[in-house]
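Read the structure below first, then the notes.
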Amino acid sequence: MRCDEIRERFVDLLYEERGTPPASPELKAHIDSCPRCRKELDELKGLRGVLRGWEDEQPLRPVWIPEAAQEFVRRRFPFLRVVRYAGIAALVFLAFLAVSNAEFTRTSDGFTFKTHAFAREEPSGEYCTKAEMLKIVKEAIRDSEAYMTESTYRQVNAALDLIDKQMGRELQYVRSRYSQSKTKN
Amino acid sequence: MTDTHRALTRFLDGDEQGFTLLVREWEGRIYNLAWRLLGNREDAQDVVQETFFAVFRSVRGLRDPRSFPTWLYRITLNQCRARWRRRSPELSLDQPVQGTEGEAEVSHQFAAEGSGAAVLLETRDLIRKALMSTSEDHRTAIILKEYLGLSLEEVAQVMDCPLSTAKSRLYHGLKGVQQSLRKLGVGV
């Protein structure tokens, strides 16, 4: 048996592990008879001792565990859940105040609070004729000096016609005024 | 049933405390594996964190809980390789690592004081340099066998190679470390 053939099998002699096949008698016989191989094996055994000089160390920091950490916080600080829900409720309330254009007024009794969230426009008891409404529109255009194209004007007319159709009471009023003026003439 | 198996079973049954036990039991070994493989403590600590993130995400897919240690070491090795690639694209784990300035400074400081700690630090530094001078496969085989105490069969499983290859890597790794230590003036 040649020395270079068996050197890779030194590992079997270095680590004689339980449960693994023992080094062959042939290998052991060679080691006993070859001073060079025996020296090399002894050196490797010594090297194993040197390697143990690099001892284990403690980790720099404990590992951060995401879910377990959350569970820890939930168990340790149960009131945080209440605080979180209270915060959400406060945000919803503030959003409602903003949307409803809420008004706070300071009075002698303290504060009054009023929102426009559920307010409805009261229907007016007065009605205009189509001609009057057109006049108002024209005046508004003139007053604001806004630019209005012909098509927009036609759209306003169409909208007013629609209003006429939908509001029967107003139409009746217009008709009655019209008939009155006709009889006078 | 081992502590690991118990902790793993608890975690797989939905008890998150089981994962904490698992981490506390294994973080030291994983840290030391990464520290010896990378030669840098901060990188090793990051690898430990990333390894346990990966474990947390995928441990539910582990078929045989008894294979957990092998599986965990494999994840660690992959994380070490990934970290090395991220740190410097042109470097690989096969290239030797230089000692950090801070460590050299501390080592010299202890040496000047002539304390026993100086000898320990110097020994560790020399071993680290010698290990880093070997290839990744040889270094990994040595660390798994010598420092983690795995059997040769387990070393082969973690490194995903035949037993004969694992033995060969271990032998050539030890020879490489021996030569490096001799160059550094250590008689072995």
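The values are calculated or read from the model by the stated rules, or taken from the named source; none is laboratory data. Worth saying up front: this structure is predicted, and the values here are computed from it rather than measured. In this analysis, Cβ positions are derived from the backbone assuming ideal geometry, glycine residues included, and neighbour counts consider all displayed protein chains.
General observations
- Among the numbered conditions (1) in a loop (DSSP other than H, G, I, E, B); (2) at pLDDT 95 or above, the only one that B:Gly185 does not meet is (2).
- Residues that are within 12 Å of chain A (Cβ to nearest Cβ) and more than 14 Å from B:Pro69 (Cα to Cα), drawn from region B:1-18: B:Arg10, B:Phe11, B:Gly14, B:Asp15, B:Glu16, B:Gln17, B:Gly18
- Residue check, B:Trp35 within 14 Å of chain A (Cβ to nearest Cβ), part of a helix (DSSP H, G or I) and without any contact (Cβ under 8 Å) to a residue 60 or more places away in the chain: yes
- Test set (1) away from chain A (no Cβ under 14 Å); (2) of a type in the set (Asp, Glu); (3) within 22 Å of A:Glu55 (Cα to Cα) - B:Asp64 fails condition number: (3)
- Residue count for region A:125-147 under the criterion of being in a helix (DSSP H, G or I) and either over 19 Å from A:Ser176 (Cβ atoms) or at pLDDT 80 or above (or both): the result is 14.
- Pairs with Cβ under 9 Å, 6+ apart, first in region A:85-96 and free of Cβ contacts under 8 Å to residues at least 12 places away in the same chain, second surrounded by fewer than 10 Cβ atoms within 10 Å (Cβ to Cβ): none
- Test result for A:Arg75, within 11 Å of chain B (Cβ to nearest Cβ) and either in a helix (DSSP H, G or I) or at pLDDT below 80 (or both): yes
- Out of A:Leu80, A:Leu162, sole residue that is at pLDDT below 75 and part of a helix (DSSP H, G or I): A:Leu80
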